[in-house]
Amino acid sequence: MERLFKLSWRLLLRLLYRVEVTGLENYEKAGDKVLIIANHTSLLDGILLYAWLPETPTFAINTHIAAKRVFKPFLHFVRLFKMDAINPLSIKSVIKFIKDKNKVVIFPEGRITITGTQMKIYEGPGLIADKSDASILPVAIDGAQFSKLSYMKGKGFVRWFPKITLRILPPEKISIPEHISGHERRKKASIQMQDLMHKLAYSSFNQRNTLYASLIEASNTFCKKQVVFQDISKDTLNYQQLILRSILLSHLIKKQTKAGEHIGILMPNVNALPVLFFALQFIGRIPAMLNFTSGALAVNRACETARLKTIYTSRYFIENAKLEQLIADLDKNYTVIYLEDLKKDLRITTKLAALFMSRNPAKYYTKQNLNRNHDAAAVILFTSGSEGHPKGVVLSHKNLLANYAQVRCHIYFNPSELVFTCLPLFHSFGLNAGFLMPLFGGAKVFFYPTPLHYRLIPELIYELRATIIFGTNTFFKGYARYAHPYDFNSVKVAVAGAEKLHDDTSRLWSDKYGIRIIQGYGVTETSPVIAVNNLMLNKVGTVGRLISGMECYIKPVDGIERGGHLVVKGPNVMQGYLFHDKPGKLHSPSTERGAGWYDTGDIAEINDQGFITILGRAKRFAKIGGEMVSLSATEELATLSWPDNNHAAVAIYDERKGEKVVLVTEYKKAERRQLQQVAREKQIGELTVPKKIIVVDKIPVLSTGKTDYIGLTKLAESYESNNEENSWMNKISKLVKHEMPKN
């Protein structure tokens, strides 16, 4: 009778919600003592698990939830274990029940999501899994959060019958060393349970897809009329318009380029950029995002590295940004095409064809039979000028989509959120976090062309009621100088990356705006995110814990006692580099552990809870008399001494000790003895104190928000050279005076 009842539910749910189930073979692998965990998306969750799990397990449900009238009919058909997640006796009863070779379903969040992503994880489920020695069978439920039976009304696009998928993942176990006990053991079990829940969110997104196919899926998942982009002109783009315009533009680009060709994009943050980006994706061209702020030489070298022939830009942008000379230089070797000129080639037949194709974009995208391999190149970015010659970083569709899947359980992108994007899209942080991730999550994006307008940006965030903002320490500090205390009242999540978040910046935002800036970490080569804190699990001073699907190890470095090179591997690690001296040839990442491993070049350490602390770039250490000295530590010392100013440390050649540290600061009254005094008070090593101090009006910053260390090093070398020349001139002058006979 029960079997017939379960089959009836399956038939009904499959008919209404087109339920798709994968991984049922993992159910048998779990064994007898099993704790089945699932994300809690809607009131349908229990019925879905009851209908598709091969056996009818016992459901452990919170006593308050079980008392709700809506659950009463369901409770007649399942075995119920009423429990209180914070009651020790209740938890002990569940542990004993599982030890007796039973299977129990539990929702570690304890409540249905109201954000569309993961809620708080209680300690109880982790403790139960640990003490019962149970196999944990994770089940990812996706799609039910968009149903009318979810709690997402008003916070996302809900409808009666969305498609629902269940993914049953391979069983796992809580693994904690025996010598750890008490509160520390409960904490570790809770963190491991949270990692498993992150894994559920990560696995429930289709990464084996292309960017354009994912755009189409997002359009189908959310309303086609949902506005996703708005720029400074206040023009908006919804999913339907983005697809239509990208198909229309692709018809024109297709005549001017070849399949698989690398195409340069020289555009600011405006609505035309995503249209151009996805037009290239639709017809199998690979966008190469050019940094127009890096100067003609760097842009030309980037074009040579990527073997570009054609560059698309906007005449309006070039004229307003006063980049005519850059275009004149590029025109000598490349075909530069203005988007405004393409309008002249538009015919009514082309418009009608694009309109017809946009009604069923999946069909016609498939017919292109191009760029449909998720492992194929999707975009080329270039490393910033902070490391010298630009290198081309080739990211695949899977790299970018995997990174979205990894991040979305930490930062909730949904239709009720507005992301303020002022980071440039030629940078990986801006491209993925500020453009692609919100697009796939249904959030609205406001494009602003520069992050440097410190007075205007806070006012815009206030006017737009933006909820998610991304930036660097430099930018966040700049905004805080000018913003009114109420300008950021709508902000829910502020994420800092690309450079170290300083304590004074973090305190300023916390004290003035009541906002905790979440620090993350990544590099262009990993699409970009590697680790991130979140609102539920955050450790100040760290960049968070490694995201789902990644592995890492610390490689020792001679002369550095604390930490070592951070080496990572995962689905978000790039396909490889394009080098300027070897154009066209892809160099895949590898280390002594084999292919796929990437050495970030950052010195890091990892604590016993998995939190990563970045100590500095390997290249940002000076070797003084055989000892390695962190330039970041020198900057921190300067910040402790003069917290209201910006500082940067560089290393230059020293004939006596190999290298010496020079501090460049905006503090007008900077003196070395002040640094020495603070160093003594804080017990900071003498080698950390810089040998020279240079005072400047403004520390130069790259368009990505990073300090321009190359420019500062040249400044320090020039300053040193001038000082040496003056010193020699003084010596010669004294010598001449000494040798000259007196009258």
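The values are calculated or read from the model by the stated rules, or taken from the named source; none is laboratory data. For clarity, every value in this text was computed on a predicted model and none was experimentally measured. Cβ coordinates were reconstructed from backbone atoms using ideal geometry, including for glycine residues, and neighbour counts include every protein chain displayed.
Numbers for the structure displayed
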quantity	calculated
Residues that are over 28 Å from the mean Cα position of the chain (by Cα) and over 19 Å from Gln240 (Cα atoms), drawn from the stretch 357-377	Lys367, Gln368, Asn369
Residue in the stretch 522-550 that is surrounded by the most Cβ atoms within 10 Å (Cβ to Cβ), counting only those that are out of contact with any Pro (no Cβ under 9 Å at 6 or more places or on another chain) and not in a loop (DSSP other than H, G, I, E, B)	Ile530
Residues (surrounded by fewer than 24 Cβ atoms within 10 Å (Cβ to Cβ) and at pLDDT 95 or above) located in the stretch 406-419	Leu418
Residue that is nearest to Met152 (Cα to Cα) [pool: residues in the stretch 417-455 that are of a type in the set (D, E, K, R) and touching a residue at least 60 places away in the same chain (Cβ under 8 Å)]	Glu417
Ala649 buried (at least 19 other Cβ atoms within 10 Å of the Cβ), in a helix (DSSP H, G or I) and modelled with pLDDT under 90	no
Which numbered condition Pro177 fails, given (1) crowded, with 19+ Cβ neighbours inside 10 Å; (2) in a loop (DSSP other than H, G, I, E, B)	(1)
The listed residue being in contact with a His (Cβ under 8 Å, 6 or more places away or on another chain) and under 26 Å from Val228 (Cα atoms), out of Val532, Val495	Val532
Any hit, the stretch 380-387, residues being polar (S, T, N, Q), under 30 Å from Phe292 (Cβ atoms) and assigned to a loop (DSSP other than H, G, I, E, B)	yes
Which listed residue, of Leu355, Leu339, Leu326, is in contact (Cβ under 8 Å) with a residue 60 or more places away in the chain, among the aliphatic types (A, V, I, L, M) and closer than 30 Å to Leu586 by Cβ	Leu339
Breaking point among (1) under 18 Å from Gln609 (Cβ atoms); (2) crowded, with 17+ Cβ neighbours inside 10 Å; (3) over 31 Å from the mean Cα position of the chain (by Cα), for Ile121	(3)
Checklist (1) in contact (Cβ under 8 Å) with a residue 60 or more places away in the chain; (2) within 30 Å of Asp608 (Cβ to Cβ) applied to Ser90, failing item	(1)
Residue in the stretch 152-196 that is farthest from Met119 (Cα to Cα), counting only those that are under 27 Å from the mean Cα position of the chain (by Cα) and hydroxyl-bearing (Ser, Thr, Tyr)	Thr165
Flag for Leu16 being outside any loop (DSSP other than H, G, I, E, B), touching a strand residue (DSSP E or B) at 6+ places or on another chain (Cβ under 9 Å) and not β-branched (Val, Ile, Thr)	no
In the stretch 273-306, the residues that are within 17 Å of Glu340 (Cα to Cα) and in contact with a helix residue (DSSP H, G or I) (Cβ under 6 Å, 6 or more places away or on another chain)	Val275, Ala279
Cross-chain or 6+ apart pairs with Cβ under 9 Å, the stretch 198-213 first and surrounded by fewer than 22 Cβ atoms within 10 Å (Cβ to Cβ), then of a type in the set (Asp, Glu) and assigned to a loop (DSSP other than H, G, I, E, B)	Arg208/Asp375
Matching residues, the stretch 97-111, being more than 26 Å from the chain's Cα centre (by Cα) and surrounded by fewer than 22 Cβ atoms within 10 Å (Cβ to Cβ)	Phe97, Lys99, Asp100, Lys101, Asn102, Gly110, Arg111
Within the stretch 222-243, tally of residues that are in a helix (DSSP H, G or I) and surrounded by 20 or more Cβ atoms within 10 Å (Cβ to Cβ)	3
Verdict on Gly584 being small (Gly, Ala, Ser), in a strand (DSSP E or B), surrounded by fewer than 16 Cβ atoms within 10 Å (Cβ to Cβ) and within 20 Å of the chain's Cα centre (by Cα)	no
